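J.: I have a structure I would like to understand better, so I am pasting it below and will then ask my questions one at a time.
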Amino acid sequence: MSDIPIIWILGGPGCGKGTQCAKIVEKYGFTHLSTGDLLRNEVESGSDKGRALQAVMASGGLVSNDEVLSLLNDAIGRARGGSKGFLIDGYPREKNQGVEFEARVAPADLALYFECSEDTMVKRIMARAAAAAVKRADDNEATIRSRLKTFALNTNAILELYNEKTLTINAERDVDDIFLEVVQAIDCVLKNKQKAAALC
């Protein structure tokens, strides 16, 4: 695993993580794993586990660390052979998740934190919900604000713990300006990986 970069993508719902991840995948060919998508896929599968997860997510609560990590670990295991790198989107959501991930899966090389105000995120999510053909149960303002409060409480602890590997990016700018900063950070990680490989 040590030669394959692992990048955590942090930021509240509506901060533009998905857009940046799509651009990273296009440029670098990395595997994009969104914890939200993995959870929703499990819910849509109709399994017992999916039904239990649905109840937690509908109330705006956080799914247990163990559940999320096992879904992530399985997805990484399936993609590992052919992957150039992993973008772990929306993870860790609290610092213990980061500690567990690094112990059970592999250390992260970089954490990109897309910083965005609560009002901007609420506006973006509400606009996305209004335009969506299918309504998501968690896209209403009360649930969104509750998710953002939980997110803000947990994020500060994550940023403190992983200060040395975190790059905070102002996510209220033009998409391409944000991406320039992202590319610089990822290129730096890839260079360091190559150097380390050459030394081995």
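J.: Answer yes or no: is there a residue in the range 109-116 that is charged (D, E, K, R), crowded, with 16+ Cβ neighbours inside 10 Å and more than 18 Å from the chain's Cα centre (by Cα).
T.: No: zero hits.
J.: Considering each of R128, R93 in turn, give the residue that is in a helix (DSSP H, G or I) and open to solvent by 70 Å² or more (accessible area, probe 1.4 Å).
T.: R128
J.: Please go through (1) under 22 Å from V175 (Cβ atoms); (2) at pLDDT below 95; (3) of a type in the set (V, I, T) for I24 and return the number of the only condition it doesn't satisfy.
T.: Exception for I24: condition (2).
J.: Report yes if E160 is open to solvent by 50 Å² or more (accessible area, probe 1.4 Å), in a helix (DSSP H, G or I) and closer than 21 Å to F86 by Cα, otherwise no.
T.: So E160 fails the test.
J.: Now for a separate question. What number of residues within the range 182-200 satisfy the criterion of being among the acidic types (D, E) and crowded, with 16+ Cβ neighbours inside 10 Å?
T.: Matching residues across the range 182-200 total 0.
To keep it simple, each residue is scored yes or no on (1) more than 16 Å from Q20 (Cα to Cα); (2) under 17 Å from the mean Cα position of the chain (by Cα); (3) at pLDDT below 95.
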| position | (1), (2), (3) |
| --- | --- |
| G98 | yes, yes, yes |
| V105 | yes, yes, yes |
| M121 | no, yes, yes |
| A130 | yes, no, yes |
| R136 | yes, no, yes |
| E141 | yes, no, yes |
| A157 | yes, yes, yes |
| L180 | no, no, no |
| K193 | yes, no, yes |
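J.: Does the range 66-77 hold any residues that are within 17 Å of D3 (Cα to Cα) and open to solvent by 10 Å² or more (accessible area, probe 1.4 Å), and which are they?
T.: Selection gives G77 alone.
The values are calculated or read from the model by the stated rules, or taken from the named source; none is laboratory data. As the structure is a prediction and not an experimental result, all values here were calculated from the model. Cβ atoms come from the backbone with ideal geometry, glycine included; neighbour counts cover every protein chain shown. Side chains are part of the model used for accessible areas, which takes the heavy atoms of the whole protein and leaves out ligands, DNA and RNA. Shrake-Rupley method; radii C 1.70, N 1.55, O 1.52, S 1.80 Å.
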